[in-house]
Structure formats: structure tokens, C-alpha cells
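Okay, so here's the structure we're looking at.
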Amino acid sequence: MSAQIIDGKAIAKSIREELSVKVQALKAQKGIVPCLAVVLVGDDPASHIYVRNKERGCNDVGIKSKIIRMTSGATQQELADCVDSLANDSSVHGILVQLPLPKHLDPEPIIMSIPPNKDVDGLHVYNIGCLNTGRRGFVACTAKGTLNLIKRCGIKIEGKNAVVIGRSDLVGKPASALLLNENATVTICHSRTEDLADITKRADILVAAVGKAGMVTGDMIKSGAIVIDVGTTKKDDGKLYGDVEFESAKEVAGYLTPVPGGVGPMTIAMLLENTVEAGEIYG
Ligand code: GUN
């Protein structure tokens, strides 16, 4: 068996096309142009690339973007003031503070100071609470992108065994909550999990979100399962590798996302979707 490779790039492109139609309608009908503000502190090269891609995504669909770059010496107070002024700016619909922040800055109070209706990153505890109680709210973009890919494959989620490897606030926990809300039977595995392969081999839906290149091998996958690889590790050869060993996994899985070109483009598409929604609902 050879897995169907899920083309996240193509799916994200079609989502962006749908979003640009929505953006035009919002502008024509209500005179609102959705605006995303991204705050980037310091000079982490990967973060700079991610932010540039977000800016490009915004341009692509007609969302206004406002990138605020602060030096790595920025203080907690300066960052707090910056987020406050965006919170009070009625022309800004979405705020994202790029993580990780430099070590001397505490992300917690910063994220909590983003008004939940501008928290297009879905990281405020209000939105996390909404997700965990099945209420409407903004959902973290990578997790939302993961569910979207599973749904677009036409996979039945209800009643299935879904296994998520990784329990981060950014991906593992929200992805598990989304799958639970879709009535999957969800197991969350993490660094202390015993007999990981025993658990993953029972997964109809397997989400790997650890950040350890190639840790999920074909022999850990149930035949025909859908495997979503969220991991991205840059190795010394300069290439990106997922958490799933692609070559062995594709012989066993039914559906498999590649890295790059799987979940990555969906994360940005979901950020744009959340921002358009913020403009539509709260604009
Ligand atoms: N850094 C890597 N991914 C993300 C994300 O989804 N949101 C934020 N704020 N920072 C990130």
C-alpha cells in the first residue's frame, strides 16, 4: 500500500482563494479591511521567516498587515505597551505575538493582555476555555489546520481512535480538544508515555507534534491510518524533517502529510481565516 499524500500547499491555496472573496465582500459591504498585527521581538531567524510568510499570506488575500519588529533588548514593559496599543486600536482585528520570545521576556501576561476577540492565535485562556467546552472561539492555527486536513480527506472522525503525540499548548492540546469535539476517542502521548508504539499502532488518526525528526516509523502506524505530521526540524543539511519517517510511513498509512508542504501552509491559512472572522464578527 502506498499512502495518498495530502497536498497541504494546494489545500491552503484554495482556502486563501475563498478568503480573498470574503475579504472583498467585507470591504464592499461594510467598508472593513481585516488587519493583522504581528509583534516580533528579537532576531531568531526562523521567526523572521515565519513572520515574513504571514505578511505574504495577508497580502495574498487582501488582509492588511502591520508588522511590529522590536529589538532583542526590548523590555517586558515595552512589549506590554505595544500590545496594549494594538488592543486599543480599532483598525486592528487580530494580534499575534510571535513565539518564542527572548528568554528574559515572560509570554504569559503578554498573551493574557490580548483581548480574546483579537486573539487570532487562539492562545488566550478564554479561547482555550471555549475550545475545551465546545464553544465558539479562536482556535490555535496549527491545530485547526490539522483538523481541516483530516476533514478535507473525507475521513470519518466520530468514534475513531485518534492519537496525538505531543502535549504543547500550541498544537498537541488544542488538536486533541478539536478531535474530541468531533467525537473521536482521543489519546494524548508525550515524553513519559510507556509503550508508545503499542498506542500509535491502534490509531486510525495519528497526529505527530513533538519536534523530533523521524521518531514515528512505519512499524508504529496502523495500516490505512491518516497520519498528520506537524513536526519541523531543520537538520545540518539545511532541510526540514517531520516527526514521521516519510519513506517507511507511506508504505503503511492510508493518508500522509509531507514535510514541508503539509501542515505548514495550513497554519498560515488558518491564521488568515481567523483574522477574516475577527473582521467579520468584531469589525
Ligand atoms: N511560533 C511558532 N508557531 C507559532 C504560532 O502558531 N503562534 C505564535 N504566536 N508563535 C508561533
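The values are calculated or read from the model by the stated rules, or taken from the named source; none is laboratory data. Source: prediction; values computed, not measured. FYI the Cβ positions are ideal-geometry reconstructions off the backbone, even for glycines, and counts take in every protein chain you see.
Within segment 177-192, the set of residues being more than 16 Å from the ligand (Cβ to nearest atom), in contact (Cβ under 8 Å) with a residue 24 or more places away in the chain and in contact with a strand residue (DSSP E or B) (Cβ under 9 Å, 6 or more places away or on another chain) comprises Leu179, Glu182, Ala184, Thr185, Val186, Thr187, Ile188, Cys189, His190. Per the listing Asp169, Asp119, the residue uniquely of a type in the set (Asp, Glu) and out of contact with any Phe, Trp or Tyr (no Cβ under 7 Å at 6 or more places or on another chain) is Asp169. For segment 246-283, residues that are of a type in the set (Val, Ile, Thr) and outside any loop (DSSP other than H, G, I, E, B) total 6. Taken over segment 70-116, residues that are in contact with a helix residue (DSSP H, G or I) (Cβ under 8 Å, 6 or more places away or on another chain), touching a residue at least 40 places away in the same chain (Cβ under 8 Å), in a loop (DSSP other than H, G, I, E, B) and surrounded by 13 or more Cβ atoms within 10 Å (Cβ to Cβ) amount to 6.
Right, Ala203: crowded, with 18+ Cβ neighbours inside 10 Å and under 16 Å from Leu149 (Cα atoms) or not? Criteria not met by Ala203. Look at segment 245-271: where a residue is on the phi < 0 side of the Ramachandran plot and a partner is part of a strand (DSSP E or B) and among the polar types (S, T, N, Q), sitting 6+ places away or on another chain with Cβ atoms under 6 Å, you get Tyr255/Gln4. Scanning segment 176-193 for residues that are within 18 Å of Val210 (Cα to Cα) and more than 17 Å from the chain's Cα centre (by Cα) gives Val186, Thr187, Ile188, Cys189, His190, Ser191, Arg192, Thr193. Is one or more of the residues making up segment 42-61 assigned to a loop (DSSP other than H, G, I, E, B), surrounded by 18 or more Cβ atoms within 10 Å (Cβ to Cβ), more than 15 Å from the ligand (Cβ to nearest atom) and at pLDDT 95 or above? Checked segment 42-61: no residue is assigned to a loop (DSSP other than H, G, I, E, B), surrounded by 18 or more Cβ atoms within 10 Å (Cβ to Cβ), more than 15 Å from the ligand (Cβ to nearest atom) and at pLDDT 95 or above. Does Val33 satisfy being of a type in the set (A, V, I, L, M, F, W, C), surrounded by fewer than 17 Cβ atoms within 10 Å (Cβ to Cβ), in a loop (DSSP other than H, G, I, E, B) and away from the ligand (no atom under 14 Å from the Cβ)? So Val33 fits the description; yes.
Conditions tested, residue by residue: (1) modelled with pLDDT of 95 or more; (2) part of a loop (DSSP other than H, G, I, E, B); (3) among the small types (Gly, Ala, Ser).
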position	(1), (2), (3)
Leu149	yes, no, no
Lys156	yes, yes, no
Gly159	yes, yes, yes
Val164	yes, no, no
Asp169	yes, yes, no
Ala175	yes, no, yes
Leu179	yes, no, no
Ile188	yes, no, no
Glu194	yes, yes, no
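Being surrounded by fewer than 24 Cβ atoms within 10 Å (Cβ to Cβ), within 14 Å of the ligand (Cβ to nearest atom) and not hydrophobic (A, V, I, L, M, F, W, C) holds for only one residue in Thr233, Thr275, and it is Thr233.
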